[in-house]
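J.: Quick one: the structure is below, and I'll ask about it shortly.
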Amino acid sequence: MTQHSPLVGSPLLAVAGAVEAAGVDAGVAAHYGDPLREQRTLLAGAGFVDLSHRGVVRVTGPDRLSWLHALTTQHLASLAPHTAVTTLVLSPLGHVEHALTGYDDGESFWAHVEPGEAAPLVAWLDSMRFMMRVEVADVSAEWAAVARSQSAVGLVRRTDLAAAAQWGTPCGSWAFEALRIARGEPRFGLDTDHRTIPNEVGWIGRAVHLDKGCYRGQETVARIHNLGRPPRRLVLLHLDGSVDTLPDSGAAVELDGRSVGFVGSAARHFELGPVALALVKRNVDTDTTLLAGGVAATQEVLVDPNVGLHVRARLG
């Protein structure tokens, strides 16, 4: 993932107890003093999360939905206003190059992306405009992403962040991430790498529509879905709770001394304990205990290693 400097210091870092996050999530609060309690608050629908370090992209013009429909993996041509959607930009070989989540408001398509990813996405989209009646802009300096629950993310003007107390109890990115990991939802650039295809991380259906027209990378996605099995699979790891550290992002996942994958993101969940998402080779036995950054871990299946066999059975 692109390394970056925060857009601005969020005004919510001035809230009592706020501790700033590090790494890719720098610029917003990791927590406000009690990340486990903050998870419960989010689950109860009583909290919000400052995600203003994420990038925001706006696409306007009468051709915007048909244009995005042709370029990305999701069915967007007839997208109803204010319907949340996730879509991907793939390479010609089917590898995920961009991931964006957003909605159309009837006049513009708004998307939020990982920190540092707005500018590269806008540059790529601009290169694909040709004669289409669309305009693409990085509006991250004016607009900010805010999660109003454990998963629903909306956009607000940056000037409104200071008044965020009206939205509920502030909760940090650590709580938001722990709940995301427990749901088995991958994060682009953390739980993926340059070789990731959507089939490996559970994005079929969630971010890839299988019954739409052609788009770049579609052949790879369709071939693996219909005929084969993904070369790797996303897995939820339940980590040894007696170890007081979490594996680093990118740490090797090992079996019998050999690397079989890598850790994406890890967190401490208020009920499950320490958990992580990892991308491992498809043929790793699902009942085998692994070492994730040196920490023993059992697996919970997120992507079925034999999904291709089930598809062929339905097609037969």
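J.: So in the range 57-77, with the set limited to residues that are over 13 Å from E135 (Cβ atoms) and small (G, A, S), which one is surrounded by the fewest Cβ atoms within 10 Å (Cβ to Cβ)?
T.: Here the answer is A77.
J.: Please pick out the residue among F188, F176 that is in a helix (DSSP H, G or I), outside the structural domain of A278 (by TED's automatic domain parsing) and of a type outside the set (G, A, S).
T.: F176
J.: Sticking with this structure for a sec: How many of the residues in the range 96-146 are over 19 Å from R216 (Cα atoms) and either hydrophobic (A, V, I, L, M, F, W, C) or in a helix (DSSP H, G or I) (or both)?
T.: 15
J.: Name, by its number, the condition in (1) surrounded by fewer than 22 Cβ atoms within 10 Å (Cβ to Cβ); (2) at pLDDT 95 or above; (3) not in a strand (DSSP E or B) that does not hold for L161.
T.: (2)
J.: Which residue is surrounded by the fewest Cβ atoms within 10 Å (Cβ to Cβ), if the candidates are limited to the range 275-285 and must be within 17 Å of W174 (Cα to Cα) and touching an Asp or Glu at 6+ places or on another chain (Cβ under 9 Å)?
T.: Among those that are within 17 Å of W174 (Cα to Cα) and touching an Asp or Glu at 6+ places or on another chain (Cβ under 9 Å), it is V275.
J.: Under the condition of being more than 18 Å from the chain's Cα centre (by Cα) and among the hydrophobic types (A, V, I, L, M, F, W, C), which residue from the range 73-119 is nearest to D25 (Cα to Cα)?
T.: F109
J.: Hey, does the range 138-151 have a residue that's under 24 Å from T73 (Cα atoms), among the hydrophobic types (A, V, I, L, M, F, W, C), surrounded by fewer than 21 Cβ atoms within 10 Å (Cβ to Cβ) and in contact (Cβ under 8 Å) with a residue 12 or more places away in the chain?
T.: yes
J.: Which residue, of A251, A207, is surrounded by fewer than 23 Cβ atoms within 10 Å (Cβ to Cβ), under 20 Å from V113 (Cα atoms), of a type in the set (A, V, I, L, M) and under 21 Å from the mean Cα position of the chain (by Cα)?
T.: None of the others qualify; the one that does is A207.
J.: Here is a further query. For the range 24-47: of the residues being touching a residue at least 24 places away in the same chain (Cβ under 8 Å) and over 21 Å from A266 (Cα atoms), which is farthest from the chain's Cα centre (by Cα)?
T.: Among them, the one singled out is A46.
J.: Only one of (1) more than 25 Å from R54 (Cα to Cα); (2) crowded, with 18+ Cβ neighbours inside 10 Å; (3) among the aliphatic types (A, V, I, L, M) fails for L272. Which number is that?
T.: Of the numbered conditions (1) more than 25 Å from R54 (Cα to Cα); (2) crowded, with 18+ Cβ neighbours inside 10 Å; (3) among the aliphatic types (A, V, I, L, M), the odd one out for L272 is (2).
J.: Filter the range 294-316 down to residues that are among the β-branched types (V, I, T) and modelled with pLDDT of 80 or more and give me whichever is nearest to L246 (Cα to Cα). Before the answer, list the steps.
T.: Residues of the range 294-316 among the β-branched types (V, I, T): 295, 298, 301, 303, 307, 311.
Subset that is modelled with pLDDT of 80 or more: 295, 298, 301, 303.
Details: V295: 8, T298: 14, V301: 20, V303: 23 Å.
Per the criteria, the residue is V295.
J.: If you don't mind, there's one more thing I want to ask. How many residues are among the charged types (D, E, K, R) and surrounded by fewer than 11 Cβ atoms within 10 Å (Cβ to Cβ) when one looks only at the range 238-247?
T.: Adding up the residues that qualify gives 1.
The values are calculated or read from the model by the stated rules, or taken from the named source; none is laboratory data. From a predicted model like this one, the values you see are computed outputs, not experimental measurements. Cβ sites come from the backbone with ideal geometry, for glycine too, and all protein chains shown count toward neighbours.
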